[in-house]
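Everything on this sheet refers to the single structure shown next.
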Amino acid sequence: MSAPSAHDVVVIGGGVTGAGVARDLARRGASVLLLEKEDYGGGTSGSSSCMIHGGPRYLQFDWKTTKLSCEDAGKIVRIARHMVHRVVFLIPVLPGDRNNLERMETAMEVYDRFQPLKLSHPHVRLNPEQALELEPGLAPNLLGAVTMEEWGVDPHRLAWANVQDAIEHGAQALNHTRVTGLLRDGARVVGVRYRGPDAATGEAQAKVVVNATGPWSEGVARLADAVVKLRPAKGVHIVYDRRLSNFAVSGEAVDGRDILMVPHGNFTLAGTTDDDFYGDPDDLDVLPDEVDYILEGFDRVFPALRQHRAVRVTAGVRPTLFQWRPNEDDLSRRYEIIDHRKRDGVSGLVTVTGGKLSMYRLMAEDATDLIARELRIDERCTTGTAPLPGSEADLEPAAALARAHGLTALAVARLQTRHGCRAAAVLDVKRGTSGLVCRCEPLSEAELIWAARQEQVLTLADAFRRVGLAAGPCAGAACVERAAQVIGRELDWSPSQQREAACDFIKSLWVGRAPVLNRRGWAQEELSYGARRGYR
């Protein structure tokens with residue numbers, strides 16, 4: 001066991017909320033240690049719909065959440081401008097819908113009052129011809145449509161940007177480091193025990209421990225004999241290997257729940273389910289019925305979806321606050337900051353849970369305000385105005401950077417969505433022609449090297465989250481082995497370790513691919529597997 005370290009605060013959980021808490025604390029001058037059991041943004045954050053949005057449906061029963069979400073979304077858009085993009089929704093109205101076109105437009109007129117808070121535009125009403133001209137894949141019997149504007153973001157990069165800023169302001173952060181217990185002094189929590197990626201154990205003392213573990217927060221609280229009560233909900237998305245439209249489409253599932261088809265970068269998401277979940281958040285299976293549930297909903301509003309190739313599914317668990325009786329879709333997305341000294345008589349432990357991606361910064365600010373009072377820190381929050389790493393300055397022209405480094409302008413533009421104004425520094429790690437590891441994402445060798453050196457990428461799965469390895473149409477078939485060599489050189493992997501890492505990563509992708517494979521898909525997978533048999 002390594003010698004115990006001492007900090008003002010230990011934050012457990014490296015999702016976007018925990019990363020946001022670490023960032024806020026570090027910027028206020030606190031000594032912070034952030035611990036994440038897997039990788040940053042790899043849990044609930046990374047399995048979201050990839051949007052910073054206000055949530056117009058909450059206006060029906062929780063308008064305050066819509067207002068707070070829109071306000072904080074506006075701040076996130078300003079501080080993360082290099083990684084956000086506008087997402088324009090088409091909301092078609094079909095015969096038999098519960099809301100006719102007039103009622104839908106009235107709802108959008110109400111939502112328009114909140115749109116300026118997040119720098120979005122008001123809605124537009126479209127007749128059937130206009131809607132079909134914009135998106136021919138819509139159902140031909142639609143009665144009309146209205147538009148709505150939100151913001152898209154890569155949640156993995158958003159989580160990492162908060163971690164990166166925390167580190168640049170003095171915090172320590174460790175991924176693949178699991179908290180195994182809490183240190184106690186009577187009724188007070190005074191630190192944590194943990195196990196690192198090399199199986200070495202350690203202890204960290206702290207004046208305050210923050211439980212920001214999302215759907216795992218009930219279990220972490222129990223380590224201190226404290227109580228957190230959630231009503232977790234499982235959400236599934238289908239991922240397609242290209243942009244199916246320049247517009248997002250809102251639909252309705254058979255039970256009336258809202259479902260969305262959202263283009264992001266080089267892929268499209270369709271989902272989501274929203275079902276009570278009573279299992280282990282570390283052990284999520286996606287059932288064929290859940291895939292069929294999503295597809296059935298889009299058969300009615302966007303039948304063209306069936307013509308396209310799904311490459312994988314994602315699944316996550318939302319840490320929804322406990323309520324008895326409401327249907328899952330009607331549960332509040334409010335959040336809670338729990339001081340366990342007041343609730344359970346356990347001092348030194350604070351839990352932040354609930355909420356949604358577009359409110360992570362506000363959740364972190366409120367949690368940090370509470371902790372700052374405990375630590376007698378007078379510094380005010382700056383996370384709503386201080387840019388995240390990469391958004392400090394305007395972007396260089398992608399074409400100029402591309403010429404200087406022998407890459408395509410598209411490759412550089414994609415890199416800039418992850419690194420912003422720091423893209424040139426990333427490319428400088430391999431001067432001259434760095435080459436592309438994956439052409440369909442696209443992903444450069446320089447960016448992989450940077451990720452291994454500067455972004456705590458320890459596995460190929462980390463590279464998927466940090467830089468999009470295997471996220472393109474090839475789903476890893478054309479790039480995993482090469483990526484293993486590049487990362488392996490940086491991490492001192494032997495050739496056999498590189499091969500093992502590639503094979504393990506390819507096998508792990510089956511978990512997401514199997515639920516969406518039809519007969520032809522299975523045949524393709526068998527062919528791909530056979531081609532790789534000699535590789536191992």
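Listed by chain and number, the aspartates and glutamates whose alpha-carbon sits under 13 Å from that of Lys64, ignoring those within fewer than 8 places in the same chain, are Asp72. So, in Å, what gap is there between the alpha-carbon centers of the stretch 333-394 and the stretch 296-328? Answer, in whole Å: 30.
Please report, to one decimal in angstroms, the Kirkwood hydrodynamic radius of the stretch 367-434 built from all distinct Cα-Cα pairs. About 14.2 Å for the stretch 367-434.
Label separation (Asp275 vs Ala514): 1.6 nm, computed from points 7 Å beyond Cα along the C-beta direction.
Across the cross-link table entries Lys37/Lys507; Lys207/Lys342; Lys37/Lys342, which are compared at the Cα atoms, the separations over 18 Å belong to Lys37/Lys507; Lys37/Lys342. The modelled label-to-label distance between Cys503 and Leu410, using points 7 Å beyond Cα along the C-beta direction, is 3.4 nm. Restricting the chymotrypsin sites (Phe, Trp or Tyr not before Pro) of the stretch 57-143 to loop positions (DSSP other than H, G, I, E, B) with no more than 12 neighbouring Cβ atoms within 10 Å leaves Phe61. Peptides 93-102, 66-75, 471-480 ordered by packing proxy, namely the average of other Cβ atoms within 10 Å per residue, highest first: 66-75, 471-480, 93-102. Here the sum of -39500 (n - 2.57) over DSSP H runs of 4 or more residues, divided by the residues of the chain, equals -10500 deg cm²/dmol at 222 nm, to the nearest 500. Highest average first, the peptides 122-134, 356-368, 289-301 ordered by how many other beta carbon atoms sit within 10 Å of their residues are 356-368, 289-301, 122-134. Each of the peptides 313-325, 392-404 was scored by the mean count of other Cβ atoms within 10 Å over its residues; in descending order, highest first, they stand as 313-325, 392-404.
Of all lysines in the structure, those lying under 22 Å Cα to Cα from Lys67, and not within fewer than 8 positions of it along the same chain, are Lys75, Lys118, Lys356. If you average the alpha carbon positions of the stretch 461-498 and of the stretch 69-125, how far apart do those two centres end up, in angstrom? Using only Cα atoms, the two centres lie 38 Å from each other. Here Asp185 and Asn99 are evaluated by their C-beta separation; at R0 = 41 Å the FRET efficiency comes out at 0.10. Spin-label pair Ala425-Glu168: with each label point 7 Å from Cα along the Cα-Cβ axis, the two points sit 0.6 nm from one another.
Where a number appears in this text, it was derived from the coordinates with a stated rule and is not lab data. Here the structure is a predicted model, which is why all the values come from computation and not from measurement. Cβ sites come from the backbone with ideal geometry, for glycine too, and all protein chains shown count toward neighbours.
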